[in-house]
Amino acid sequence: MESGRICRGFNLAVIAGNAVSGGILRSLALAAGVAAMVSVGCDFAAAADYAAGGGVISAPSGFATAVGSGASTLGTSATAFGAGATALGDAATAAGAGNIASGTNATAYGANSNANGTNATAIGENSFALGTNASATGQNSRANGTSATAFGWDSTATGLNATATGSNNFAIGDNATATGAASSANGTNATATGQHSLATGEDATATGVNSSAVGTFATATGSGSTATGDRATATGVGSAANGANATATGVNSTATGVNATATGASSSAVGDAATASGAFSAANGTNATATGTFSSATGEFASATGSNSSATGANATAAGESSTATGTSATAMGQGSLANGATASAYGQGSLANGDATTAIGQGSRAIAAGATAIGQGAVALAMNSVAIGSGSVATLANTVSFGTPGNERRLTNVAAGISPTDAVNVGQLSGLTSGFQSQFAGLQAEVTNNQREARSGTALALAATGLQYDQRPGKASIATAVANYKGQSGVAVGLGYAVSDRWRVNAAFTSAPQVNDYGVVAGASFTLN
C-alpha cells in the first residue's frame with residue numbers, strides 16, 4: 001500500500017482496499033457496499049455518501065445513504081434503510097424492507113410501503129401514497145391523488161384532496177371526505193362523517209350513524225337514515241327519502257317519489273309530490289296529501305286532512321276528524337262524515353252519502369242510493385235519484401222529491417199523478433175539473449187569485465233567498481237573513497252558511513211567505529276553481 005498523509009486534519013480514505021494519498025472522504029463503502037465516487041486531492045470537499053450492507057448509491061451527489069441488502073438511493077440526501085428499500089429523489093426516505101419512496105421529500109415508513117410523488121408520505125405496513133402531497137398513514141392505507149389523505153388501517157382516499165380518516169374508511173373522488181368509522185364517500189365533494197355512513201354521488205352528504213346518501217346533493221343526517229336520489233333529504237332518525245328532491249324529516253318517516261315529503265313521525269309518502277305531514281299518516285299516490293294524525297290518502301290528488309281521516313280514490317277528499325271518503329272525487333267534510341262512491345259528497349257532522357253521485361248536506365243527513373240527495377239536518381233520501389229537502393225530510397221512492405214526512409208535510413211533495421192526500425195536483429187531474437166549470441167559476445177565480453198570490457209569494461221567496469250573504473272566511477259559520485217584496489207579496493229568508501276552507505263553502509236556507517203561509521228550503525255548495 002502507498003503511504004498516506006494527513007491533510008487539514010482529515011484521515012486517509014480507504015477505497016476498495018487502496019489508500020489514496022491526501023484525499024478528503026467523498027464516498028465510503030463498508031461490508032460489501034459500493035460507492036461510485038472518490039475524492040482525490042487536498043482541500044477537495046465531498047458530501048459523505050454512505051452505502052452499507054449491500055446498499056447501492058447509484059448517483060452520489062451529497063449525503064445519500066443506503067443501508068441493507070439490495071437497498072438503493074438516487075438523489076441528494078436520499079435515504080434507504082432495509083432490505084430492498086428504494087429512495088428515488090432528493091431528500092426521499094424509504095425506511096423498511098421493500099419500501100419505495102419516489103419523489104422529492106417522499107417518505108415511506110413500514111414494510112412494503114410505497115410513497116410516490118413530491119412530498120408523498122406512506123407510513124405503515126403495505127401503505128401506499130401516490131401523488132403530490134399524498135399521505136397514507138396506517139396498515140394497508142391507500143392515498144391516491146394530489147393532497148389525498150388516508151389515515152387509519154385499511155383506509156383509502158382517491159382523488160384530489162380526498163380524505164379518509166378512520167379504519168376501513170373510503171373516500172373516492174375529488175374533495176371526497178370520509179371521517180366516520182367504516183364510512184365511505186364516493187363522488188366529488190361527497191362527505192361521510194357518521195359511523196358506518198355511506199355518501200355516494202357528487203356533493204352527497206351522510207352524517208348520521210349508519211346513514212346512507214346516494215345521489216347528487218343527497219343528504220342523510222339522521223341516525224339510520226337513507227336518502228336515495230338527486231337532492232333527496234333524510235333528516236329524521238330511521239327516515240328514508242327515495243326519489244329526486246324527496247324529503248323525509250320525521251322519525252321513521254318514508255318519502256318515496258319525486259318531490260315526495262314525509263314530515264310526521266312514522267309517516268309515509270309514496271308517489272310523486274305526495275305529502276304526509278301528520279304523525280303516522282300515509283299518502284299514497286301522485287300529489288296525495290295526508291296531514292292529520294293517523295290520516296290516510298290513497299290515490300292521485302287524494303287528500304285527508306283530519307285526524308283518523310281516510311281518503312281513497314283519485315281526487316277523494318276527507319276533511320274532518322274520523323271522516324272517510326271512498327271513491328273517485330268522493331268528498332267527506334265534517335266530523336265522522338262518510339262518502340262512499342264515485343262523486344259521493346257528505347257535508348256535515350255524521351253525514352252519510354253512500355252510492356255513486358249521492359249527496360248529503362247537513363248534520364246527520366243521509367243519502368243512501370245512487371243519485372240520491374239529502375239536504376238538511378237529519379234529512380234522508382233512501383231511493384235511487386230521490387231528493388229529500390229540509391230538516392227531517394224523508395224521500396223513500398225513486399225519482400221523487402220530498403219536503404217533509406207523513407204527518408209533517410210541506411207544500412209541493414212528490415209531483416207525480418196525485419194518489420195520497422199529501423200529493424200535489426198535476427195537469428191531468430186538473431182536466432177532470434172542466435165539467436161544472438161555470439158553476440165553480442167564482443171558486444176557481446178565487447183559486448186563481450190565490451195561486452197568483454202564491455206565485456208572487458214564491459217570487460218574493462226567491463228574491464229573499466238571493467239576498468242572503470255569508471262569511472267567506474275559512475272555518476267561519478254565519479247566519480244571514482233577508483226580506484223581499486214582489487207585487488205586494490213579501491218573502492223572508494234565513495240562512496246558515498259555513499266556509500269549509502278557502503275553496504269550499506256550503507249553505508242552507510229557510511224561506512217564508514207569511515201572507516200565504518208558504519215555506520221553502522234551499523241548500524247549496526260552492527268550490528273556487530282558482
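Laboratory data are not the source of any read-out in this text; all were calculated from the coordinates shown. As the structure is a prediction and not an experimental result, all values here were calculated from the model. Note: ideal-geometry Cβ built from the backbone for every residue, glycine included; neighbour counts use all protein chains shown.
Local charge sum around residue 258 (other residues, Cβ-Cβ under 12 Å, Lys/Arg +1, Asp/Glu -1)? Write down the numbers at each step before the final one.
Details: positive: 231; negative: 230, 272.
Residues close to residue 258 contribute a combined charge of -1.
Summing Lys and Arg as +1 and Asp and Glu as -1 over all other residues whose Cβ lies under 15 Å from the Cβ of residue 190 gives a net charge of -3. Shown for 479, 100: other C-beta atoms within 10 Å of each C-beta, ranked fewest to most, produce the order 479, 100.
Taking neighbour counts of Cβ atoms within 10 Å as a proxy for exposure, in what order, fewest first, do 454, 409 appear?
Details: 454 18, 409 15.
Ordered by Cβ neighbours within 10 Å, fewest first: 409, 454.
Close amide H pairs (under 5 Å, H built 1.01 Å from N) link residue 241 with 226, 227, 228, 255, residues at least 5 positions away or on another chain.
Subtract the Cα-Cα distance of residue 396 and residue 408 from 0.36 nm times their separation in residues, and report this length gain in nm to one decimal.
Numbers: separation 12, 0.36 × 12 = 4.32 nm, distance 1.49 nm.
Residue separation times 0.36 nm, minus the Cα-Cα distance, leaves 2.8 nm.
For the pair residue 420 and residue 485, a Förster radius of 51 Å applied to the C-beta separation gives a FRET efficiency near 0.90, rounded to the nearest 0.05.
For residue 167, the residues 5 or more places off, or on other chains, whose built amide H falls under 5 Å of its own are 153, 182. Determine the shape class of region 257-358: with a ≥ b ≥ c the square roots of the Cα gyration tensor eigenvalues, call it rounded for a/c under 1.5, and otherwise prolate if a/b is greater than b/c, oblate otherwise. Here region 257-358 falls in the oblate category.
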